[in-house]
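Worksheet: the structure to be examined is printed underneath.
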C-alpha cells in the first residue's frame with residue numbers, strides 16, 4: 001500500500017505540494033484529477049525521485065518502504081513505475097535493448113534470473129501483440145520518431161513487461177485517440193489484481209470510463225481538496241473545478 | 001575465489017580506479033642507452049640485423065627530423081617533451097624456444113592473461129610450439145608487440161597456406177626485403193611530419209601484412225601493443241599491402257601501465273590497396289589516460305594513412321579512442337584509383353584531463369571517388385575533444401562525393417568540444433556534405449532510464465553507446481562488445 005502523509009515539496013524554492021495525505025491500499029486504483037498547476041505532475045515526480053524536486057516535509061512509504069530515502073532506480077526496483085507524460089527520446093538506443101536492460105535490472109534486484117535476448121523477444125512480442133503495437137517499434141530507437149500515441153503505448157508496454165507493484169500514470173491519456181486510449185486502459189486493467197495498485201493522473205473523466213477507479217481525488221493548490229468514488233469524476237466533468245474551489 | 005584473492009582484487013579495483021590494464025610486468029629487459037642520436041639509430045638497426053639500405057633510410061629520416069619542429073597547431077596543451085630523456089629500445093630478454101607453458105617466462109604469460117587474451121591463444125602468444133587450435137571456429141591471429149619488439153605471432157601456418165604473410169616488420173625486413181623496400185614510406189614518407197620522421201628513424205617493431213591477389217583473409221588479424229618499461233617510447237610501424245581483389249580485416253588494441261610520467265607513443269601505419277582490394281582497419285585505443293588529476297598518461301602521436309591505389313579499392317578506418325592523455329591522429333585515405341572508397345568512423349572520449357585532436361583527411365584524386373566520415377566526440381570531466389578533418393577534392397576527381405557527420409556529446413560543464421572541418425573543393429561536379437551537432441546528456445534522459453531501474457552509470461553507458469552506435473556497428477563483433485564496455489568504464493564517475 002502507498003501511504004503519503006503531510007508531504008510537502010518545492011521546486012527552485014517555490015512550494016508546490018502543501019501537505020498531501022493519500023492512501024492507496026494494495027489492489028486499488030485511484031485517480032487524481034485537478035487543474036493545471038495544481039501539483040499533479042510534481043507529486044508523480046516526487047514519488048519517483050526526480051532531481052530538483054525537493055521534499056521539505058512529510059513521508060511517503062510503499063509497502064512499508066520509505067520511498068523518499070531511495071534513489072530513483074531503487075524505487076523502480078521496489079516496484080514503483082512512472083508512465084511519463086512526455087516520454088523521453090534516447091537516440092541510437094534500440095527499444096528492445098532498452099526494455100531488456102530495464103527488465104533485467106529490475107529482475108536482478110529481485111533476485112530473479114535475467115532474460116536472454118530470445119526469451120525477452122518472445123515475451124515482448126506477446127505483450128506488443130496485446131497492445132496492437134507494430135513489431136518494428138522494438139527495432140527503432142527508444143521513442144525516436146514515435147508519434148505521441150506510440151510513445152504512450154511504449155510506456156504501457158514497459159509497464160506490462162516490468163509488472164510494477166505501483167504504477168503512476170501521468171496523463172497517459174493526453175494525445176491519445178479513442179482506440180489508443182482503450183488499448184492503454186486494457187494494459188492497466190490487465191495488471192489489476194491483489195498485488196497491483198495504480199495512481200492515474202488525468203484531466204478528463206474520459207479515461208476513467210475505461211479504467212474505473214476505486215477512488216477519485218481532486219488535487220488543487222498542492223493539496224487533496226476532495227475525495228470520493230468514481231461518481232466524483234463525472235461531477236467534476238459537469239461542474240468543473242471552480243465548483244470544488246467554491247465548496 | 002578464495003577470500004584473500006577477492007580482497008586483493010577489491011582493493012586493487014578501488015586503488016587503480018577504472019583503468020584495469022595499469023599493471024606492470026616485472027621481466028628482464030634489455031635497453032639501449034637513454035637519449036636519441038645517430039648512434040642510437042645505428043644501434044637499433046644493428047640490433048635488428050638490418051640491411052644497409054634500411055639503415056640509410058633511417059639515418060635520412062633522423063637528419064630530416066633534426067630540422068623539423070613539433071607541430072603546434074593541434075588544440076592540445078602539454079609541457080615540452082625532452083626527447084633525450086627516453087629509451088628508444090627496450091626488449092624482454094629472450095629465452096630460446098620454450099617448449100611448453102611451464103618454460104615460458106611466467107611474467108609474460110601473466111601479462112597476457114591480465115590483458116584478457118584467452119588461455120589457448122595465450123599458449124600461442126608465448127610461442128609454444130604445437131599449441132595451435134585446429135579450427136572449428138576460426139580464431140583471431142595475433143601479433144603481440146611488447147615495448148620495442150614483437151614477441152609472437154599466431155596462426156602463421158594457417159595463413160601461409162593462403163599465401164598470406166603476417167609477421168613482425170623486423171622479420172619481414174629479413175624474409176621479404178623486396179616487399180618492405182618497395183612499400184615502406186610509400187604512403188607516409190620519412191619527412192611527412194615531425195612524428196613520422198621520428199618514427200622512421202627509430203621504429204623498432206610492428207606488424208607486416210601481405211595479402212596476395214584475389215585472397216580473402218580467412219580470419220581477423222590483430223596486433224596487441226603493450227608498453228611496459230619505464231621512460232620508454234614505443235615507435236611501431238605497421239605496413240599492410242592488399243593486392244588486387246584481396247580482402248583483409250585488421251584490428252589493433254593497446255594498453256600500458258599506470259605511471260606518473262608521460263610516455264611517448266609515435267606510430268606510423270601505412271596501408272596500400274590495389275584494384276578491387278578492401279582493407280578494414282579497426283583500432284581500440286586504450287593507452288593509460290593519466291589519473292583524475294591529469295598526471296601521467298601516454299602521449300599518442302600517430303600517423304595513419306592508406307592509399308587506395310587501385311580502381312574500386314576501399315579503405316575503411318574505424319577507431320575507438322578511449323585512452324591516452326593526448327591523442328593526435330588523423331587516419332587518412334588517398335583515393336587515387338577511380339571509384340575508390342574511403343571511410344572513417346571514429347569515437348573519441350576525453351574524460352578528466354584528457355585531450356584529443358583527431359579526425360581524418362580524405363584526398364579525392366580519382367574519378368567518382370567516395371568518402372564517408374562519421375565522427376563522434378564525447379567530452380566529460382575537463383576533457384577537450386577536437387575533430388579536425390580535411391576533405392580535398394582535386395580538379396580531376398569528377399563525380400567525387402563526400403559525406404561528413406560530426407557529433408559532439410558533452411557531459412558536465414567543464415569540458416569542451418571543437419569541430420574544425422576543412423573543405424577544399426576544386427572540382428565543379430563534386431558533392432560535399434557536412435553535418436554537425438552538439439548535444440549534452442539531458443537530465444530527463446538520465447531520469448527516464450533510472451526510473452526504469454538502471455543505475456546512473458548504466459544509464460550514461462546506454463546513452464553514450466546509443467550516441468556512438470553508427471561507429472560501433474562498424475567494428476568486428478568481438479571488439480564491438482569490448483568497446484561498449486570500455487566506453488562505459490572510461491566515463492565512470494563523470495556524472496553525478
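Coordinate-derived values only; no laboratory data. Keep in mind it's a predicted model, so treat the numbers as computed, not measured. Cβ: placed from backbone, ideal geometry, glycine included. Neighbour counts: every protein chain shown.
Worth pointing out:
- Sorted by Cβ neighbour density within 10 Å, fewest at the top, the residues B:31, B:301: B:31, B:301
- Centroid-to-centroid separation of the stretch A:140-169 and the stretch B:278-321 [C-alpha atoms, Å]: 40 Å
- Label separation (residue B:213 vs residue B:39): 5.0 nm, computed from points 7 Å beyond Cα along the C-beta direction.
- A convex hull fitted to the Cα coordinates of the stretch A:53-125 yields 131 cubic angstrom per residue.
- Number of partner chain Cβ atoms within 10 Å, mean per residue of B:460-472: 3
- Each Cα pair under 8 Å and six or more residues apart adds its separation to the average, and for the stretch B:157-229 the resulting relative contact order is 47 percent.
- Cα gyration tensor category, rounded, prolate or oblate, for the stretch B:429-496 with a/c compared to 1.5: oblate
- Among B:243, A:114, B:293, the order by Cβ neighbours within 10 angstrom, fewest to most, reads B:293, A:114, B:243.
- For peptides B:167-178, B:425-436, sequence by mean Cβ density within 10 Å, most packed first: B:167-178, B:425-436
- Nearest-ten-degree value, helix A:148-162 long axis tilted from longest Cα axis of chain A: 80 degrees
- When only alpha carbons are used to place a centre, the stretch B:414-474 and the stretch B:337-381 end up 14 Å from one another.
- With the convex hull constructed from alpha-carbon coordinates only, the protein assembly as shown shows a mean projected area of 36.4 nm² over all directions.
- Degrees between helix A:95-110 axis and first principal axis of chain A (Cα, 0 to 90, nearest 10): 70 degrees
- Likely footprinting exposure, B:241, A:24, fewest C-beta neighbours within 10 Å first: A:24, B:241
- Scaled radius of gyration (Cα, divided by 2.2 N^0.38 Å) that the stretch A:2-246 gives: 0.99
- In terms of its alpha-carbon gyration tensor, the stretch A:192-241 comes out oblate; a/c meets the 1.5 threshold, while b/c is at least as large as a/b.
- Values of log10 I(q)/I(0) for the stretch B:371-496 across q = 0.11, 0.15, 0.18 Å⁻¹ run -0.48, -0.77, -0.99, by the Debye formula with one identical scatterer at each alpha carbon and no solvent.
- Sequence-distant contacts, meaning Cα pairs under 8 Å at least 6 residues apart, place the relative contact order of the stretch A:2-246 at 29 percent.
- Modelled FRET efficiency - R0 45 Å, residue B:162 with residue B:56, Cβ distances, 0.05 increments: 0.85
- Take each residue of peptide A:164-172, count the partner chain Cβ atoms within 10 Å of its Cβ, and average: the result is 0.
- Calculated FRET value between residue A:227 and residue B:424, using beta carbons and R₀ = 56 Å, to 0.05: 0.20
- Packing-based ranking of B:347-359, A:181-193 yields B:347-359, A:181-193, ordered from highest to lowest mean Cβ neighbour count within 10 Å.
- Averaged over peptide B:438-445, the number of partner chain Cβ atoms lying within 10 Å of each residue's Cβ comes to 3.
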